[in-house]
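FYI, it's all coordinate maths here, none of it is from the lab. Here the structure is a predicted model, which is why all the values come from computation and not from measurement.
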Amino acid sequence: MVLRRLIDRHNQASFDPFYWLAVCYCSPEFERADIIAPPSHPNRETLNYLVTGLVDPPDLEDEHLARPEGASRWVNVVGGLQQADPSQSVYVLNMELWMHTLPGAAGGGKRWEFESEHVPLVRTEDAQVRVLCGAFKHRQGSIAQHPLGTTILDVTLNPGGAFTYKAPAENTTVLYIFGGKVYFGEGAQVCFGKDSFLRMCGGEIMASSLASGGRFLLFSAKPIAHKKPAVCPENEEVCPIQK
């Protein structure tokens, strides 16, 4: 297991309304039942998202990530899931997001749990976009409407593909790349590889990839000027499995 704390108590003031974001690269034995949901809170919403079948595993020498001989898992392919060849390494990405809610908002205390194969999917010539929250190209996400106008997308760029999303300028917009290499901006000369975490300035987001393709998560929401620091979970609460 490898855990990345992207937003926590040390930097949460810069990412309002998001105040906790962590990703965990887990072994093939990972099971959804091993995730312990945090206690409900009226001023907090939480989202857990599992991505299975990472083609581009983390660059880590960790014996816990070794694939057991003869094991079989599932991988994402265009058109759905298929069983992985026993000789292939398959990893699970477990993402946990916590965000503030508006006082008295109907969504306070809610928790959502999604898996990549069950999220609405938009296919274009250049990309496959899984819509967790909000909408993309008129396709409503698993969370269709949110009080903060939140959009959460899981974007897979085909080799040589491009993707554009226009976020409101006032939004807090962040990206986490977990596969391939991605360029951001028109005529960009610098690419970002897996495990890159970026805060964008709002407006139009332009992403492109060359031969490697790429995959990233996009989070965008209106800040709510939450002044009091929020309590963040311990690592064991986010990804308690130690397989």
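Remarks
- For residue 149, nonlocal amide neighbours, meaning residues 5 or more places apart or on other chains whose placed amide H falls under 5 Å from its own, do not occur.
- Residue-wise HN-Hα coupling along region 108-119, computed from phi with Karplus coefficients 6.51, -1.76, 1.60 (Hz; x: Gly, Pro): x, x, 6, 9, 10, 10, 10, 10, 4, 7, 10, 9
- Couplings 3J(HN,Hα) of region 187-199, computed from phi: x, 5, 9, 10, 9, 10, x, 4, 6, 8, 10, 10, 9 Hz, in residue order, whole Hz [Karplus 6.51 cos²θ - 1.76 cosθ + 1.60, θ = phi - 60°; x for Gly and Pro].
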